[in-house]
Amino acid sequence: MLTRRDALFGTAAALTVAAFDKSSNARGFLQERADLLLRARELREKHHAFLAISDQGVSNVRDGPLSGITVSVKDDLFTKDLLTTGGSQAFSEFKPVDDAVPIARLRHAGVDVFAKCNLAEFAMHVRPRSPLGGECLNPIDRSRTAGGSSGGSATAIAAGVGDASIATDSGGSIRGPAAFCGVIGFCPSNGKVPKIGSFGTNLFFTGIGSFTRTVDLTAKLHFHMAGYDRTDPETLPARDELDLGATHGGSQPPRFAWVATFDPQCPPDIDVLKITRDSAQQISRGSTSSSLQQETIDMSPYRAAFGVISDADRLAQMERAGSLKQQHLFSAETRERLDRARKRTGSEYSLAMYERGLASLYCSEIFQKYDFILSPTVPMVAPRIAEIEGSADFARRYLSNLWWTNFVGCPAITIPAGVGSDGLPIGLQIVGRPDDDDNLLRIAAQAVKALS
């Protein structure tokens with residue numbers, strides 16, 4: 001029986017890890033890759049998911065532990081000799097001489113980087129539209145948004161074009177699109193993955209993670225990207241490869257908090273609330289002797305501080321990276337945000353950093369009672385693009401459950417929880433303690449199994 005996604009994109013299978021047979025002959029693999037690139041071109045035409053598709057052969061792909069895995073990359077991360085634009089006219093012909101650090105690590109492990117994904121210009125906005133790529137359209141319903149800023153990556157994985165997509169998340173840019181498109185989206189703790197090799201992503205808030213269809217692949221990609229790099233002072237030491245089959249690392253059964261919203265002004269829609277709450281209860285029942293408690297966590301008082309730091313940090317990092325030399329070619333939306341950042345004062349920034357400390361203390365107290373926090377990833381299903389055009393409250397609602405994890409440095413993952421009455425995907429977010437990414441991924445793997 002064909003699914004709605006099959007009907008849209010045809011029945012050609014994605015090049016998943018399970019389907020890749022290392023014993024197959026070279027001609028078979030080359031044909032699979034040719035089919036992949038053909039589907040990528042179709043998705044670029046129909047859904048504006050890609051900005052560049054590689055014309056390099058497989059001779060450039062190394063053997064390694066991740067050989068056979070096909071990966072696209074959000075177009076704010078540098079890829080050596082592959083067009084990297086940030087979606088901006090200012091960099092329409094830019095081909096970096098080096099990969100971003102995490103991309104170089106993945107290539108060393110054997111992944112095949114085959115395309116660059118559409119995004120909001122420089123990943124600075126919530127709608128996934130760019131001057132070069134247009135508006136990225138939802139893979140299930142082209143009249144709806146794929147979510148930003150990493151809409152192209154989410155669309156690609158939902159459509160089965162590639163095994164994974166690597167992206168940045170500075171306030172929900174992986175998890176929001178993943179929820180709207182019905183795939184897994186993971187943002188690691190601050191400092192886990194080096195951020196060097198971009199147009200100037202946020203130093204304080206950005207996690208580099210992935211879109212996938214399995215937690216197993218999510219964990220493998222994270223292992224190969226993570227670890228200290230001398231070019232990024234924020235990075236943490238690497239750890240051993242994760243065994244997803246191991247039990248939760250705590251001495252007691254996991255304690256789950258259920259939070260419907262982190263902003264009282266942004267309650268979830270009825271369908272979203274019911275499906276995610278039911279999923280949370282199912283996950284808790286599937287984890288031996290665990291508990292699920294309803295909790296109220298209001299992060300909205302810190303939202304303004306997040307905006308101040310995000311603006312100032314983005315401006316500083318783009319200046320440091322040399323990305324502001326042709327601002328006259330930026331979109332009006334991007335120039336407006338940069339102008340706002342320039343008006344931020346030192347006292348505003350100092351106070352915002354103080355409030356960030358208060359927010360971190362608030363969350364550390366919550367994590368003394370709980371091991372994981374479950375919530376709707378976003379409070380709605382993917383809206384129609386016409387509905388968010390000129391909307392004054394879409395950004396606040398869309399980000400209401402997302403931004404705060406970046407603000408305090410928590411790892412977070414979204415997994416598919418089900419579909420609403422209109423057939424659109426709904427995501428469940430799971431948040432762990434800062435630097436507890438391994439246990440978060442273990443719980444996510446168990447959660448996906450419990451919901452299957």
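The values are calculated or read from the model by the stated rules, or taken from the named source; none is laboratory data. Remember, predicted model here, so these are calculated numbers, not experimental data. No Cβ is skipped: glycine too gets one built from the backbone with ideal geometry, and neighbour counts run over all protein chains shown. The protein model used for the area step is the full one, side chains on, heavy atoms only, and it has no ligands, DNA or RNA in it. Shrake-Rupley method; radii C 1.70, N 1.55, O 1.52, S 1.80 Å.
Summary table below
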| item | result |
| --- | --- |
| Lysine pairs in the chain with Cα atoms under 15 Å, if 8 or more residues apart or on separate chains | 7 |
| Hydrodynamic radius of segment 197-288 per Kirkwood, over alpha carbon pairs, in Å | 17.1 |
| Equivalent ellipsoid semi-axes, segment 334-373, via Cα gyration tensor eigenvalues times 5, rooted, Å | 32, 14, 4 |
| Distant-in-sequence amide H partners of Ser173 (H built 1.01 Å from N, under 5 Å) | Ser149 |
| Dimensions in Å of segment 352-410 - Rg and Dmax from alpha carbons | 14.7, 43 |
| Solvent-accessible area, 1.4 Å probe, carbon plus sulfur percent, for segment 101-159 | 52 |
| For Leu51, distant residues with modelled amide H under 5 Å away | Lys116, Cys117, Asn118 |
| Rg in Å to one decimal, and Dmax rounded to a whole Å, for segment 269-341 via C-alpha atoms | 21.1, 59 |
| Amide H contacts of Leu428 (H built 1.01 Å from N, under 5 Å, at least 5 apart or other chain) | Thr377, Ile415, Ala417 |
| Per residue accessible area in Å² of segment 193-288, where ligands, DNA and RNA are left out and the probe is 1.4 Å | 45 |
| Cβ crowding within 10 Å averaged over residues, with 304-311, 424-431 ranked highest first | 424-431, 304-311 |
| Kirkwood Rh, angstrom, the chain [1 / mean 1/r, Cα pairs] | 21.7 |
| Surface per residue (accessible, 1.4 Å probe) for segment 79-132, Å² | 31 |
| Helical mean residue ellipticity (222 nm; -39500 (n - 2.57) per DSSP H run of 4+; nearest 500) of the chain | -11000 deg cm²/dmol |
| Rg over Rh [alpha-carbon atoms, Kirkwood Rh] for segment 99-190 | 0.96 |
| Kirkwood Rh in Å, taken over segment 227-351 so that all alpha-carbon pairs contribute | 19.5 |
| Fraction of antiparallel bridges per DSSP, the chain only, in percent to nearest 5 | 70 |
| Column: log10 I(q)/I(0), Debye, Cα scatterers of segment 295-452, q = 0.11, 0.14 Å⁻¹ | -0.59, -0.91 |
| Of the DSSP H helices in the chain, those whose Cα atoms cover at least 18 Å axially and whose Kyte score averages 0.0 or more | 437-451 |
| Dipole of segment 320-434, positive end: most advanced residue of Gln327, Phe367, Met380 [Cβ charges, Cα centre] | Gln327 |
